[in-house]
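What follows is calculated from the coordinates using simple rules that are stated; it is not laboratory data. This structure is a prediction, so every number in the text was calculated from the model and none was measured. Positions of Cβ are generated from backbone atoms using ideal geometry, with glycine treated the same way; all protein chains shown enter the neighbour counts.
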Amino acid sequence: MNIVYDQNTQTFHLSNKFVSYVIAVEEDKYLSHYYWGKKIKQVHSPSDYPRKDRAFAPNPDHIQDRHFSLATLPQEYSGTDIGDFRVSSYTYTDITGLRANHLNYHGYSIFNGKKTLQGLPHTYVKSEQEAMTLEIQLIDSNHGMSAFLQYTIFEDHPVVTRSVRFQNNGEEALSIKRAMSMSIDLPDSNYDFIQFPGAWGREREVLRSSLVRGIHTLDSKRGTTSHTYQPFLALVRKDTDEFSGEAYGFHLIYSGEFLGNVEVDSFSQTRVQLGINPEHFEWKLGAGETFQTPEVVMSYSEEGLNGMSRSFHELYQNKLIRGKHQYRERPVLINNWEGTYFNFTEEKILNMAEISAELGIELFVLDDGWFGKRDDDYSSLGDWTVYKNKLPNGLKALSDAIHKKGMKFGLWFEPEMVSEDSDLYRSHPDWCIHTPGIPKSRGRSQLVLDFSRKEVRDNILSQMKAILDEVPIDYIKWDYNRNMTELGSAAPEIMPGEVAHRYILGLYEMLEDLVTTYPDILFESCSGGGGRYDPGMLYYMPQTWTSDNTDAASRLEIQYGTSMMFPISSMGSHVSDVPNHQVNRYSSLEMRGHVAMSGNLGYELDVTKLTEPEKEAVREQISWYKSYRKLIQFGNFYRILSPYDNKQHTAWIFVDQNKETAIYFYYQIIDKANKPSKILKMTGLDSEKTYQLDDGRILGGDELMYRGIYLDPDLSGDYKSRCIVLHSIES
Ligand code: DGJ
């Protein structure tokens, strides 16, 4: 890994054993993008971007040469006002509202390691040898504004991360209206564009389309990342598939409103940007103040989509997720939500716990309905005291009883919300996100608490701490069940354009407090399933509830899409009842198990209603999973067959780091009469090794990967699955 500035070529070259990223300085003033991709040893010549007198392309004031224009130059971080008409990276104004977008190259520094991003989640290094950082300073001397572009390259990852710090060194306040975290102009547009749109119950669908001329946007204006789009996009070559070909992936480490743009310009160049959504954003930057944007992870792979995914999995597992649970095997849990919904008693919970313990389940999670007077979703959010009608002996007694059965105890909270029917709302009706004087929209009959205000956060924090200090709690499910509307605050010091981002900063501050005060608690993030499954939350909470849709067949698509960017250890996946509560489908217990075992296995059903044979099957699933979960949660994961190809089947494989053991899952979604025979090739194995399959067959890694094996012709019926375990043996 190295970063060099070459005076002769006027280029910055960031490289490691996988990738190079090259930036050039043009006319001593502008930063152009020169190269990003497979590692090159050295940059030999200065930027050779073809200069041409393009009609209607303006030339900057001090340059007499009509061949130079920012309208066509591939750039690193440009404003719009001096002739670059593509989507801009930043906009700010002075106090009179005059746009002042003239940031020019000024200087740089290169250092080992990586700075922390104050108040924001970010990738980190444990020693300075793990990464190097380039900080390029841009200056607008008229207004005293600086932007520091931060680029970090890691020793062991095919990844560059970027963010920007604005600093107002002038005497007057400035107003930032747009501050993207990164922008890059790739030299051509011969790509497919992959994005992950979704909705509740259909998170992270995989949408691949040909990249065409124009501006393509994915965003959130919902206060949170939301189900609608993932703050992730990929550009891949036309022939890129799961196993080979170039793939560029971009992911924003942020949990609030975001914007992603891909613009193909008139000259078939492609601009990609990610950052905070400017829609509701306007940040007053007083004299002497700084503003830090969130970070973007940019990955390059020439090993197809699986290669791209592995680079994100490895980076997030090793340099984003933190704390005691980072590498800890995740417990098999039972969650009572689909088993009881709001309708439970202490006796019911203890009965469920009794049977769960017998089945080998390790953690009991008590979901929504244990607090205030919560019998439905119309009341009590904000009142975090135990509901004595349901739990007359209180939470401590329940937790103790569950611990006595040999299980850990987990609890659901939705700390960011308030119900109008709550003591908290009655005492502080102005503590919610709203625009004073404008009627408030409700979502799930609840309002969002104004976490941009410290006193609001402090109130919830102290209510939560009162419980956590009294009750032995091993796990928290942190839920968030609506989008924000009427984004505003009753606190006069919080400007309307700052509310959305200050909310997220406040949330991060509170999470930091909780995860450092209670380092033993395993946190699972949730937002109506996977509505806030983003790398920002992953920095605080090492796992996420992937989706409220627990149907096995639907989960194949959801987990397939989620695996594109998130490590398996972060994915909560539960076996639930049939007919499934979201789509009314029946699928075999085996298939439900095999899908849920491809993540952090849990159960979400009323175990007291299981028949003896079902209990036996569940017992076996759990005991099998425990012996392989380390491999599944922390091994290498490869997608093999996509559920999107023809909705007929899906396959994937988990391989341990030494390629000694592998677990292959095949799922038959829809069966066919008299179906054609099919050979399936495995991937990720060692071609030099010999493997024994658990059906007794012995085959070489090369045979399994290049020739493949026939699919079991006797697997008959819809929603069926097979699992094959492979162990390497002496040949
Ligand atoms: C939404 C979550 O995704 C569910 O798992 C459950 O916790 C409910 N909220 C409870 O209200």
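Brief remarks follow.
- The angle separating the long axis of helix 499-517 from the principal Cα axis of greatest extent in the chain is about 50 degrees.
- Burial ranking of peptide ranges 688-700, 24-36 (average Cβ count within 10 Å, highest at the top): 24-36, 688-700
- Rg/Rh for the stretch 83-178 stands at 1.03; both radii use Cα atoms, and Rh follows the Kirkwood definition.
- Alpha-carbon Debye profile of the chain, log10 I(q)/I(0) at 0.05 Å⁻¹: -0.26
- Stretching the chain fully between GLN7 and GLN42 yields a gain of 11.3 nm (0.36 nm per residue, less the alpha carbon separation).
- Contact order relative to length of the stretch 119-234, as percent, for alpha carbon pairs under 8 angstrom and 6 or more apart: 16 percent
- Cross-link check: pairs LYS39/LYS630; LYS388/LYS477; LYS630/LYS672; LYS390/LYS609; LYS17/LYS681 evaluated at a Cα-Cα cut-off of 31 Å; pairs beyond the cut-off: LYS39/LYS630; LYS630/LYS672.
- Take every Cα pair under 8 Å whose residues are at least 6 apart in sequence, average their separation, divide by the length of the chain, and the relative contact order is 10 percent.
- Cross-link partners for LYS615 among the aspartates and glutamates, with Cα-Cα distance under 19 Å and sequence neighbours closer than 8 places in the same chain left out: GLU338, GLU354, GLU358, GLU362, ASP577, GLU590, GLU604, ASP606.
- Estimated FRET transfer efficiency when R0 is 22 angstrom, pair PHE85-ASP188 (beta carbons, to 0.05): 0.70
- In straight-distance terms, cross-link reach from LYS126 covers every one of the lysines whose alpha-carbon lies under 17 Å from its own, apart from those fewer than eight places away in the same chain; here that gives LYS114, LYS115, LYS319, LYS324.
- Student exercise, the chain dipole from Lys, Arg, Asp, Glu Cβ charges, in Debye to nearest 20: 720 debye
- The stretch 225-320: radius of gyration and largest Cα-Cα distance (Dmax), Å: 15.9, 51
- DSSP bridge orientation in the stretch 365-488 - percent antiparallel, rounded to nearest 5: 45 percent
- Distance between modelled label sites at ARG51 and GLU493, nm, 7 Å Cα→Cβ extension: 5.2 nm
- Taking Lys and Arg as +1 and Asp and Glu as -1, the other residues whose beta-carbon sits under 12 Å from that of PHE12 total -3.
- Rounded to the nearest Hz, the phi-derived 3J(HN,Hα) couplings of the stretch 29-40 under the Karplus curve 6.51 cos²θ - 1.76 cosθ + 1.60 (θ = phi - 60°) are 10, 10, 9, 10, 8, 9, 6, 8, x, 4, 3, 10, where x marks glycine and proline.
- Under 20 Å from LYS52, Cα to Cα: lysines that are on another chain or at least 8 residues apart: LYS29
- Both the radius of gyration and Dmax for the stretch 460-515 are 14.3, 41 Å, in that order, over alpha-carbon atoms.
- Computing FRET efficiency as 1/(1 + (r/R0)^6) for ASP577 and SER266, where r is the C-beta to C-beta distance and R0 is 45 Å, gives about 0.20.
- Sorting 644-651, 304-311 by average packing, meaning the other beta carbons within 10 Å per residue, from highest down gives 304-311, 644-651.
- Net charge, GLU730 excluded, C-beta distance under 13 Å - Lys, Arg +1, Asp, Glu -1: -1
- The stretch 669-731 - convex hull of the alpha-carbon atoms, volume per residue in Å³: 87 Å³
- Computed FRET value (nearest 0.05) for SER141 with ASP714, which takes r as the C-beta separation and R₀ as 60 Å: 0.20
- Given their separation in residues at 0.36 nm each and the Cα-Cα distance between them, LYS405 and ALA466 gain 19.5 nm when the chain is fully extended.
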